[in-house]
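Everything on this sheet refers to the single structure shown next.
Computed from the coordinates by the stated procedures, all read-outs in this text should not be read as laboratory data. What you see is a predicted model; the values in this text were computed from it and never measured. Here the Cβ is made from the backbone with ideal geometry for all residues, glycine too, and neighbour counts use every protein chain on show.
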Amino acid sequence: MNQTLLFLILFLLEGNLTHHHLSVKKDTENSLLWKIEKEGQKSPSYLFGTMHLIEKEYFYFPKSLEKILKNCSLVITEIDLKNLTSNSFNQNKFLLKDGTLWDFFSENQKKELFLWAKIHLKMKEEIFEKSFSAYKPFVLLQMITQVSFVGKTESYELRLSELVEQYKLNTLGFESIDEQIDIFDQISIEEQVKMLMESVQQFDKQNEELLRLQKNYKNQRLDSLSHIMFNQNNFSSQNEQLFLSARNKKWMPIIEKHLNENKCFIAVGAGHLLGSDGLLQLLKEKGYQLTPVSF
């Protein structure tokens, strides 16, 4: 498993899989960065919504944001930033236990995939078939998502990783790499195949929506991001619970513990901020004051 493919799998979860039934209250102020405060708290902390992979044109990490990060004592992300480029995970989790990937597709579906690969990957059928035969469908799904990006891409997590090393900041991850990969195993192979085929069949539309998503992200429009996500209809409420709600609720005790002990900079996919089970709402319910920060 090469590092690039690992990166796609881990960092495109929210980008491709959590766009369904999310909403923001009309009075929600638009910002990707929020100050977290509570009476008795030693110092304010910050919550930042990232886009795990984004085209360079829409990437924005100004000095003012870097200064806020620098002055924090702990940086918390979905995966510990110090583990981003490590190989500390079970590579077998990407592989099928029996058979091949192509056992799960009809002949017509395979023809569609092979044609897509020929057009967009410039790969011959036999090479494409062999390259992915041992992997689970979600691996190919993430590759399809990657191709939707135009030109060079950036990562907020990799930028944060560089700054953490530069300023010698402490780090913490909500999840291990293995735990993130395990999320996909809770989705049936049949559902993964369905999602994959929809991505191929709606590839042009997906590209248009990705462009809109990036533009609204750069403009820090949470309301528009929510609208785009809400209008995606290819993701079940069960999977929304799996990828967003359950994880947010699992992270909350960790967040509360460290908010009381550290000045934190918490950076997670922007989708985790939104909705009734989003981190903004869950923190408010715990008595924290959330203030949008312009940067």
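Structure above, values below:
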quantity: For residue 174, residues with placed amide H under 5 Å, excluding near neighbours; calculated: 77, 78, 79, 80
quantity: Residue pairs, from the table 136/194; 56/257; 136/249; 70/257; 56/205; 67/218, whose Cα atoms sit over 24 Å apart; calculated: 56/257; 136/249
quantity: Residue 153 long-range amide H proximity, modeled H, under 5 Å; calculated: 56
quantity: Sequence ranges 40-47, 191-198, 134-141, 93-100, ranked by mean other-Cβ count within 10 angstrom, highest first; calculated: 134-141, 191-198, 40-47, 93-100
quantity: Ascending count of other beta-carbon atoms within 10 Å, so fewest first, for 258, 52, 272, 120; calculated: 120, 258, 52, 272
quantity: Order by protection proxy (mean Cβ within 10 Å, highest first), peptides 107-114, 159-166; calculated: 159-166, 107-114
quantity: Fewest-first sequence of 145, 153, 50 by Cβ atoms within 10 Å of each Cβ; calculated: 153, 145, 50
quantity: Neighbour-limited loop hits for trypsin sites (Lys or Arg not before Pro), segment 246-295 (at most 13 other Cβ within 10 Å; DSSP other than H, G, I, E, B); calculated: 286
quantity: Order of 72, 264 under a 10 Å beta carbon neighbour criterion, fewest first; calculated: 72, 264
